[in-house]
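Trainee: Provided herewith is a single structure, encoded as structure tokens, for subsequent inquiry.
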Amino acid sequence: METETDDSETSLNDSFGNKDGLELLEYERATLAKTLPASVLFVVANGLGLERLFLEHLILFSDRRLLALVLNTNEHDESYFVSKLKEHNVECDPKVINSEVSIKDRQSIYLEGGVQFCSSRVLLVDLLQNRIPTDRIAAIFVYRAHQTLNAFQDSFILRLYREKKPDGTVKAFTDFPNSLSSLGQLQRLVDRLYIRHVELMPRFSSIIESELNRYQLKTAIFSVDVPTPLRRVHRTIIEFIKVCVRDLRTCSTSGKQTDEQNEEMIHVPWAATRLEKRLHDRRGHISEKQQRLLNDVASLREILQLSENMDVATVLSRLQVLKNDRTVLEEHSGWLLSPSFNRIMEDLLTIAGVTNGKADYKKFATPAKWTVLSEILREIKMLPVEKKDRGNDSPSVLVITSSEDLSRQVTDVVRYGINKMKWMTWRQLGYKSTQEMPEDEPLWDPDTISQLMRSSVDGESKSEVIANVQKTQKTTARAAQKRRKHAEELSGFSSDHRVQTNLIQFGILQYKRRKSGNEASTSQETTEWEVKEEMEEIEEITKNIGDLEAELVVSTTRERERYTLLKLLETKKPRAIVLYTMSLQTLRQIEIYRSTNPNRSLHVYWLQYTESTEESRYLESINRETMSFELLIREQGTLLISREFNVDREDAPRLKISTRDGGGARRDGAVDPRDQMDPEEELERPKIIVDMREFNSELPTVLYTKGYNVVATTIEIGDYILSPNIAIERKALDDLTQSLQSGRVFKQIEQMLEHYDCTVLLIESNRKFETKIVNGGPFQGELSRHCREIRSIFCSLIWANPKMRCVWTISPTNSAEFFSELKLSAPEPDVDRAISLKADQVECSSQELTDSEASTSTKAKKGKKWKPNPTVIRTLTQIFGIKASEAHNLLANSSIKTLADLFSLNITASHLSDFIPSTSADFIKDLSTFNFGRK
Amino acid sequence: MKHTEESLMSTTEKSRKAEEDDEKDMKKRTQFPSSSTSSDPPVGIGGSGALVVNRRRQEGNPVLKYVRNVRYEWGDIGPDFECGPTFGVVYLSFKYHKQHPEYVYTRINGNAENRYRNKVLLGYCNMEEPRHVLRELNMICFREAWTFVVVYTVEEAAEYIELFKTTQKKEITIKKKAIDDGGDSSMSDERRRNREAAIGFLTAARSITKTDADRLLFHFGTLQAISTASETSISACPGVGPIKAKNLHSFLHAIISPNEQD
């Protein structure tokens, strides 16, 4: 262990010797040294630099001899980390693997090593089919590990990895401690990720506290008073939200969970409660009242945010729009018509200077934050800039807000001045004004003000980065494949052993040159993201920020997008930051930036309303995170960690081994011919063909655990193929409801019946909802008009398909048991045949039927009864409103031989009217000649 | 719940009485199904017939209290409910199956019950842990090719029986999603209807998407032009490759009629 620690420290020094950019903080270095050899789940406080920790791991494992796979990253994550790895000039380029990369390229890329961002589905298939050299996988990183609680693919991947490499390394990262603080969630996550250690990194840890306090932020908190009428408005809106949540709870719960109500009611105005999240997960089943209340709560929260951040005139316009909208009036739960709402309108009108219908512009109160913002900007202009700080970059100022609308308004306030902006916002109320438009009084030089639009900056460069990486790795993979092939050819000549060695070395040298070329081009593209700043000449005299024409950037940061602020801080290197709205994550990121750049001076100005809902939200978020970490620390002490991971697979049941009797069931005495099994076949595990899209559910994992070999492939007819005769279509309750409404399930069952003898519709998870937060839906006993319609369509499905079998199971485990019984005496399925069956096929089936018809007619007078192609019948019945019997008659007896004949000139409406209704015939003829090209 | 149990008990007693009938009565009951079969209305008039309920087994069943929207009459039939000339339903509660495990086999394997094209076992789940009963009934229905439907309330069971009856003659009316016309409010109703039908027709071909259908209609103008176009000219349409052109051409020109001579 000590040797490994020394090696890791050596690696740390080596990897960071190239550049000074990413200096490790003390606690980060200590954590990395402690956890590097182990499989760890990192739970980091929100905003406390999880990206840095993850990036350090990626840099350490960027080695051609190591293969590190990264799971559960989205496009934002991939573009950010790929850019960062290229900035640090790591030894081996990162790679992005998804379904667009072909199989041969993937196999070659895996052998290249390094860090590879993989999509879960592609990685799962490659692991199941042994395309990845598992012994060379050094580590698997799981980003956003808290999402694994609801997903099954990543857990299945880790299970396969543990099965093939028991001592492999798995590292999981998350900075959402609130997701794990429920009872038992940490244990579930540890079990699901197959790891042994949990590393908690809260903000209040003494190591982190002392490290961040070494370079304390120069923070100035500006307290802004809330006007009394506005405070009343906030309180009333909060009351509305609480009433809606209480109503939602009343009509959802059956009187249980009293303790949870009081606990969660504190942060109801800002965050969705657990009940709302569960209702959102089952939004296919919720009742109309629940849906209405959910919409109202979301709308009220938005209005609360708006009233906190924006000016009164904007809030007033928004509420008037809501009041005048008929759709909103019909669909809301009644708060717009209450006396409290009228009181809100009166208070807002008072602040806006409107009294009894008369508008007075002079009484319009200026938003308090605007005044404080102008004072702050005036103070920033007076900040001195030392000579050593000036350097290559011109100074800049950041203003951080929480929404796009607020960013636009702040930009306008700074550009036009308070008086003009006040006039412009007041005018949108619609009242006439005798006041002329005031002149511009900019708070900052207008030429240097810019607003960073997120969509315009991030959208294009993100996809470009990933596309360039894939293009590069494709070229590299092809070249490596040729080189490896050439090396294999040379290995046949034993007498030329030395020549072979020289050639291989020559190939490596050539490879390095091309790689450096690619790096240069990619780094240039990354640099394009950065806005070029003018360089100032170094002068001897100290100057103020105002004299240096500093740039002022207004930006929006959201909780979801964590990389915008990080990029801004690194590219702009601001001297001063104005936090117009407070966010816990934003403050943490600024603290980390300050600690990692001790040479730069930084002033932070923080605008906050005193004793307001904004302050309460901030304090509440700190409190929640602290409580979450305390719960996690307590649960960490009682975690059950197994010595060996449970990746055992059961043996699939066989007919010869089975000793179970049928419980007195009467069965046929005839012996099934398929009971006779070859001895060789017993050695292999039975296999089940599973459609690719089914890996989002839990059933393939359970089947794999039960001992079946899961063959993952794309099949178009059926979801699970158990034998050449058995096809199963699995539907969860929500999926079944949607399929019945859209008619897709009719087509699926029809095609399965056409190609397989046994067609099963597996209705899964049909257990009565235990928490009773929803009524149950169409297959749980709910009696409503909507559910009756769904059941009516289901009855039509049963009428139309007498040979369809329905299987109802409670859980994926129950389904797997059913599969075991079916597989007991069934032969193995044919993978090639399952793949070759295609949906919506017209040609082959018709030709086969025609051939059989012709051959039969030559042999006997009465041949096989002709059947029309079901796709053609379905098309005619659905599009043109023809009945099935009429369509059958049309195809069998008329002169029409192909679908194209329906629209030909030789066939007239009167010909068609002999077999189908005249309205349909006329419609077909009108449709065939209607000109769609002209508008 | 007690009322349900009493009904089930009475059903049990009647079932036992039925088994104790002598040979002479069995001959009589053999004649009844045949006469019932002959007295059944023809297929063409089946829609106007009433729901037929098995008197011997289902008298006193609480499900009948909730059958309101369709008219039903008593009859001597093999299954418990006859929702149509070719549709038979056997009703079974999970608790009853727990007490009498072999009862379901006599119903599933009975000759009278298997005369029908559609055979449904309507299972009423009235127990807390239905896992094992579900497993048994699933396997039974799978092996004997019966359709298994699970309900959780008596009202739901009654509604299914009603719907089996009312959807007999009903064509499958699938709710069509409105095709997005790109916000073109100037499109006339006739054009919109024709466009929906044309796009629906073209997307029935394999791998043809709505965007492809839009492009084809704009490029060729009419469905008649598309149906007479060759595979090469279809692939010349922008956005449509050779694979989609081949799929569409085979969709339009595959022989779908048995009359090869013409």
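The values are calculated or read from the model by the stated rules, or taken from the named source; none is laboratory data. It should be emphasised that the depicted structure is a prediction, and the values quoted were computed from it without experimental measurement. Glycine also receives a Cβ, built like all others from the backbone with ideal geometry; neighbour counts cover every protein chain displayed. Remember, those area values only see protein heavy atoms, side chains included, never the ligands or the DNA or RNA. Shrake-Rupley method; radii C 1.70, N 1.55, O 1.52, S 1.80 Å.
Trainee: Could you pull out every residue, at least 5 positions away or on a different chain, whose amide H is within less than 5 Å of the one on residue A:603? Hs are placed 1.01 Å off N in the peptide plane, and Pro or chain starts have none.
Mentor: Those qualifying (amide H under 5 Å, at least 5 residues apart or on another chain) are A:576, A:577.
Trainee: As a test of reading the structure, rank B:74, A:606 by solvent-accessible area (1.4 Å probe, protein chains only), most first.
Mentor: Result, largest first: B:74, A:606.
Trainee: Continuing with this model, one more query. For the pair residue A:340/residue A:649, report the inter-label distance in nm, with labels modelled 7 Å from Cα in the Cβ direction.
Mentor: Taking the two extended label points, one gets 5.9 nm.
Trainee: Right, something else. My understanding is that a pair violates if its Cα-Cα distance is over 29 Å; which of A:883/B:119; A:731/B:98; A:474/A:706; A:277/A:823 do that in this structure?
Mentor: A:474/A:706; A:277/A:823
Trainee: Let me ask something else about it. Ignoring ligands, DNA and RNA, what percent of the accessible area of segment B:51-169 is carbon or sulfur (1.4 Å)?
Mentor: Percent of accessible area from carbon and sulfur atoms in segment B:51-169: 45.
Trainee: Now for a different question. Which cross-chain or sequence-distant (5 or more) residues have an amide H under 5 Å from the amide H of residue B:93, H modelled 1.01 Å from N in plane?
Mentor: Hits under the 5 Å cutoff: B:124.
Trainee: As an exercise, find the ratio Rg/Rh for segment B:51-169 from alpha-carbon atoms, using the Kirkwood inverse-distance average for Rh.
Mentor: Taking Rh as the inverse mean 1/r over Cα pairs, Rg/Rh reads 0.93.
Trainee: Also, quick follow-up: Averaged over B:104-116, how many beta carbons belonging to a partner chain fall within 10 Å of each residue's beta carbon? Don't jump to the answer; show the numbers that get you there.
Mentor: Values: counts 1, 4, 1, 0, 0, 1, 0, 0, 0, 0, 0, 0, 1.
For peptide B:104-116, the averaged partner shielding equals 1.
Trainee: Let me confirm one metric for peptide B:154-166, namely the mean number of other chain beta-carbon atoms within 10 Å of its residues' beta-carbons. All intermediate terms of the calculation are to be shown ahead of the outcome.
Mentor: Numbers: counts 1, 3, 10, 1, 1, 7, 5, 1, 4, 10, 6, 1, 2.
Averaged over the peptide's residues, the number is 4.
Trainee: Moving on to the next point. Counting protein heavy atoms only and a 1.4 angstrom probe, how many square angstrom of accessible surface do chains A and B bury in total, to the nearest 100?
Mentor: Rounded to the nearest hundred, the buried surface is 7600 Å².
Trainee: Heavy-atom accessible area per residue, segment A:112-160, 1.4 Å probe: how many Å²?
Mentor: It amounts to 25 Å² per residue over segment A:112-160.
Trainee: Taking a probe of 1.4 angstrom, what is the accessible area of residue A:52 in Å², to the nearest 10?
Mentor: It works out to around 30 Å².
Trainee: Please state, rounded to one decimal and in Å, the Kirkwood hydrodynamic radius that segment B:194-262 gives when every pair of distinct Cα atoms enters the mean of 1/r.
Mentor: About 12.3 Å for segment B:194-262.
Trainee: From the C-alpha coordinates alone, can you work out the Kirkwood hydrodynamic radius of segment A:870-929, in Å?
Mentor: 11.3
Trainee: Does anything in segment A:293-327 have its amide N under 20 Å from the 7 Å Cα→Cβ label point of residue A:365, and if so which residues?
Mentor: A:303-320
Trainee: Please compute the length gained on full extension between residue A:883 and residue A:225, using 0.36 nm multiplied by the number of residues separating them and subtracting their Cα-Cα distance.
Mentor: Full-extension gain reported as 229.6 nm.
Trainee: Based on the Cβ-Cβ distance of residue A:250 and residue A:329, what FRET efficiency does E = 1/(1 + (r/R0)^6) give at R0 = 25 Å, to the nearest 0.05? All intermediate terms of the calculation are to be shown ahead of the outcome.
Mentor: Details: r = 23 Å, r/R0 = 0.93.
Once the sixth-power term is evaluated, E becomes 0.60.
Trainee: Mind giving me the nanometre distance, one decimal, between the label points for residue A:182 and residue A:732, set 7 Å out from Cα along Cα→Cβ?
Mentor: In this crude label model, residue A:182 to residue A:732 measures out at 1.5 nm.
Trainee: Can you sort A:797, A:619 by 1.4 Å-probe accessible area, starting with the largest? Each step should come with its number before you reach the end.
Mentor: On the way: A:797 0, A:619 95 Å².
Sorted descending by solvent-accessible area, the residues read A:619, A:797.
Trainee: Given a Förster distance of 22 angstrom, what is the FRET efficiency for residue A:789 paired with residue A:147, based on the Cβ-Cβ distance and rounded to 0.05?
Mentor: 0.05
Trainee: So for the pair residue A:75, residue A:639, with labels modelled 7 Å out along Cα→Cβ, what separation do we get in nm?
Mentor: 3.5
Trainee: Work out the mean other chain Cβ neighbour count within 10 Å for the residues of A:808-814 and drop it here as an integer.
Mentor: Partner-chain Cβ atoms within 10 Å, mean over residues of A:808-814: 4.
Trainee: Follow-up question, since we're still on this one. Rounded to whole Å, give me the distance from the Cα center of segment B:62-110 to that of segment A:694-758.
Mentor: Value for the Cα centre distance between the two parts: 30 Å.
Trainee: Check residue A:172: other-chain or 5+ apart residues with amide H under 5 Å from its amide H, H built from backbone geometry?
Mentor: A:40, A:41, A:42, A:142
Trainee: In whole percent, what relative contact order does segment A:870-929 give with Cα contacts below 8 Å and a gap of six or more residues?
Mentor: Normalised by residue count, the contact order of segment A:870-929 is 33 percent.
Trainee: Would you list B:250, A:555 from the most to the least accessible area, probe 1.4 Å?
Mentor: So the residues, ranked largest to smallest area, are B:250, A:555.
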